[in-house]
Every structure is written in structure tokens, then in C-alpha cells.
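Q: Please read through the structure below; I'll follow up with questions.
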Amino acid sequence: MSTPNDRALRGDVAPGWEPVLDAFAAIMSRPEERGAGLHVIHRGRTVADLYGGTDGEGPYGPDTRQVIFSASKGIAAACLAVLADRGDLDFDAPVARYWPEFGRHGKSEITVAQLLSHQAGLIAPSRRAVLADVLDGRPLADALAEERPRWPLGRPGYHAVTWGTLADELVRRITGGRLGEVLTELVCRPRDLAISIGHPDPPPSPVHAATRVPLLVRLTTAVFARPGTPLWQAMTVQGAITEPPDVWVRRPETLAGQLPAANAVTTARSLARLYAMLLFRAEAPLIRDRTQSAAVRVRAVGRDRVLGLPSAFGCGFALPSRAWRLGSPTAFGHPGIGGALGLGDSRRRLALAFLPRTMPADALSDVRHRILLDAVTTVVGP
């Protein structure tokens, strides 16, 4: 197979899924695309396993491992759902039950579900943070525990980086281990998933990330994420992160850090399999149906105080909204600023992972996602 610009495509699609192959080929024919992987599972069966371009060192393939930015949140949310399924975590309990210090300064009634659905109003500490505290996680968690909620509960305000810090500390208070460690031990190692959060220093090689931030993204950021705005505070943790995401995320210290909101590394195949395990009971199921329903139930919806668009969240999972276009009203998952997308769809019994190396011009409305999800709808219906 080849695209119009002779960029080789590799992989297979099941009979009837040719529209997805055509959509992937159309994406890879764009001159700006560098490389990508796509894996789709429908009703427990792989129906698309496609790769194109390069990973920067060789052909992009099934074993290419990539940093997925905020798509990491879906992985972390799956880990938290596993703890809930084991009875170690109650979504409806106050966070302070597990983390007593968190209950200070008007936060004693904030529930785990409210925290995980971006309602806690803790997008950054009020004082300027330092990068070492962000990468370690625990000093930043302590600082956030001393904060008052920035806004009343009810509407989401996207915690771009601190969501992972808060989730990690919650896991540590419950299990004694970091979220990345629990993810490895309870989720990935038993099921042979190539997914990790928090990596050795130096990290295993090679690890790839999206290419340079497009000019349009930089110009938009300069306008809408000016220093002092909620978006700037959330994305930079009050100025602690000073480099563009494509530069910052490649650094060994970033990959080694405890950043469940941003630094997960995975292959397309493993990410799709993770979402499939949240849906199907045939292959090493992760959680029971009732836990899955609780994890993806709408917990916060409305105009996002950080993003400025309507958003919706379950317990860590992004839900369909103007901010998160997931292709179906019953889908859940998470995109990332680099273009990565992982999702599951309860009604259509579908799991999908798309990992591109080219960062989109619009991080909240990646045209490639629309092209792929429209092709899936052509095959399985709305």
C-alpha cells in the first residue's frame, strides 16, 4: 500500500473496514505528516492495525513507543477505576478520607469523583512553582493541599498538569506506591501492555514524541494563554514549565517524572487494548460493568473555566463535548495536545488508539480525529 506522496503504509484491516484504511491513507498523504499508528478493536476483534511514515529513526510500526501528552489521563483514569473495582477507592467518598491534609481550606467535602472530573479548582498553586516540584509530584501535591478551591464546585476547569499530581498522590495515600508503579503492577504487566508512566533515567530508548509545535498553535497560545490567564496557569503550573511541550516532554527528567497527566508512553496497539479491556470481558477484563459505568458517568459538564469551551468529564475520562470530540455520544477516553487519541465506546463496543507524530494546528479540534472517527461511523453506524 502507498499514499499519493509515496509514504509507505503498513498493516491490515478486516473486510468491511476499508473506509478506515482510506481515511488513514488520506491523513498520511498530507505533506506535514511524519508518522503514525492506528489500532481499532471492534467487539473484541482487531479490525485495523495500520502504520505509516517513520518514527524518526525507522518505519513507524507496532512497537513504536510514543509520549502521548494528555491522552495519558485516560490511562491514569483506567488505573483508578481498577482500584475502585478492587474496593480500595470509592469515587463518592471525600478525598480527605484517603488524604487527610487535602481537606484543609474548604476542601473537606470534595469527593474523589469531583477531583477526578476537574472540579476542585486546583489548576496551579497560587505561588510560583518550580519544575523540580512538578516532576517529583509530592511537593506540588503538598502545595495544592494547602490551597483553597479557586472556583465553586459544579463546572469543570481543566487541570492540565495538576490532575495527574492529585491523582498520583491519591493513589500513593491508598497503596503506598506511585500511580505509575500501580499501573505497571496491576494493569500492564499481567496483560503484557506496553504502557508506562514514570520511566528510568535515562528512559528506555527509543521514545518518540510529536514534532515541533506548529506556528498556529504558538500564535494561538500567545493570545489565549497569556501569562496569568487560567489556561497559562494550568498548562505551565504557574510558570514552572517554561519550554514548549514538544521540547519539554523529550527531556529524560520529564520522562522519569511522576506526571500521570502528561508523560505516559505507549504503543497504539497497547493503548487500544487497554480501552478494549475496559469494555470487553473476553480478554483479561480490567473492571466489572458497574465500575466501568461509574467511571464514565458524567460528573461535570459545562463551559470549562480553563479551556473556555463546553467540556464534560467522568472520573478522569473526557466525555463527548465541544472540547472533546470523540465521535459518539457513548464514547469516553482522552486526546492529547500532540494529536494522540485513545477511546472506548460502550454502545458500539469499539476501542481505538491513534498516535501521530505531527502536532495538530488545533489541539482541541484535530481534523485527523474527525476523519478517522467519521470513517469508523461509516462502518459501524452512529
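The values are calculated or read from the model by the stated rules, or taken from the named source; none is laboratory data. Please read these numbers as outputs of a predicted model, since none were measured by experiment. As a convention, Cβ positions derive from the backbone with ideal geometry for all residues, glycine included, and neighbour counts pool all protein chains shown. Side chains are part of the model used for accessible areas, which takes the heavy atoms of the whole protein and leaves out ligands, DNA and RNA. Shrake-Rupley method; radii C 1.70, N 1.55, O 1.52, S 1.80 Å.
Q: Whole angstrom only: what separates the Cα centroid of the stretch 49-127 from the Cα centroid of the stretch 131-189?
A: Their Cα centres are 7 Å away from one another.
Q: If you roll a 1.4 Å probe over the heavy atoms of the protein chains, what accessible area per residue do you get for the stretch 9-79, in Å²?
A: Dividing the accessible area of the stretch 9-79 by its residue count gives 34 Å².
Q: Here's another thing I want to ask about it. In deg cm²/dmol, rounded to 500, what helix-only [θ] at 222 nm does the chain give when every DSSP H run of at least 4 residues adds -39500 (n - 2.57) and the total is split over its residues?
A: For the chain, the value works out to -9000 deg cm²/dmol.
Q: For the chain, give the percent of accessible area contributed by carbon and sulfur heavy atoms, probe 1.4 Å, rounded to a whole number.
A: 53
Q: Output the relative contact order of the chain, whole-number percent, from Cα pairs under 8 angstrom with separation of 6+ residues.
A: Relative CO of the chain lands at 24 percent.
Q: Just the accessible area per residue of the stretch 233-382, please: how many Å² with a 1.4 Å probe?
A: 32
Q: Beyond 28 Å, what share of the Cα-Cα pairs of the chain is found? Please give it as a whole percent.
A: When all Cα pairs of the chain are counted, 39 percent exceed 28 Å.
Q: If you take all C-alpha pairs in the stretch 1-96, what percent of them are over 19 Å apart?
A: 56
Q: Net charge near GLY16, counting Lys/Arg +1 and Asp/Glu -1 over other residues with Cβ under 14 Å of its Cβ?
A: Result for the neighbourhood of GLY16: -1.
Q: To continue, here is another question. Roll a 1.4 Å probe over the protein chains and send me the accessible area per residue for the stretch 80-161 in Å².
A: 41
Q: log₁₀ I(q)/I(0) of the stretch 240-314 at q = 0.15, 0.16, 0.26, 0.27 Å⁻¹, via Debye over equal Cα point scatterers, no solvent, to two decimals?
A: -0.85, -0.93, -1.07, -1.09
Q: Count the net charge of all other residues whose Cβ sits under 11 Å from the Cβ of SER196, scoring Lys and Arg as +1 and Asp and Glu as -1.
A: Overall, the nearby charge balance is +1.
Q: Select from ALA36, ALA96, ALA276 the residue whose mean-square fluctuation is largest in a Gaussian network model of the chain (Cα-Cα springs shorter than 10 Å).
A: Ranking ALA36, ALA96, ALA276 by mean-square fluctuation puts ALA96 first.
Q: Calculate, in whole percent, how much of the Cα-Cα pair population of the stretch 60-109 lies beyond 15 Å.
A: Counting pairs separated by more than 15 Å, the tail of P(r) holds 64 percent.
Q: Shifting gears a bit: So how exposed is SER293, as accessible area in Å² (1.4 Å probe, rounded to 10)?
A: My reading of the accessible area for SER293 is about 60 Å².
Q: Give me the accessible area of GLU146, 1.4 Å probe, in Å² rounded to the nearest 10.
A: Rounded to the nearest 10, the figure is 90 Å².
Q: Here is a further query. Can you run the Rg to Rh ratio on the stretch 237-368? Use alpha carbon positions and the Kirkwood inverse-distance Rh.
A: On the Cα set of the stretch 237-368, Rg over Rh gives 0.97.
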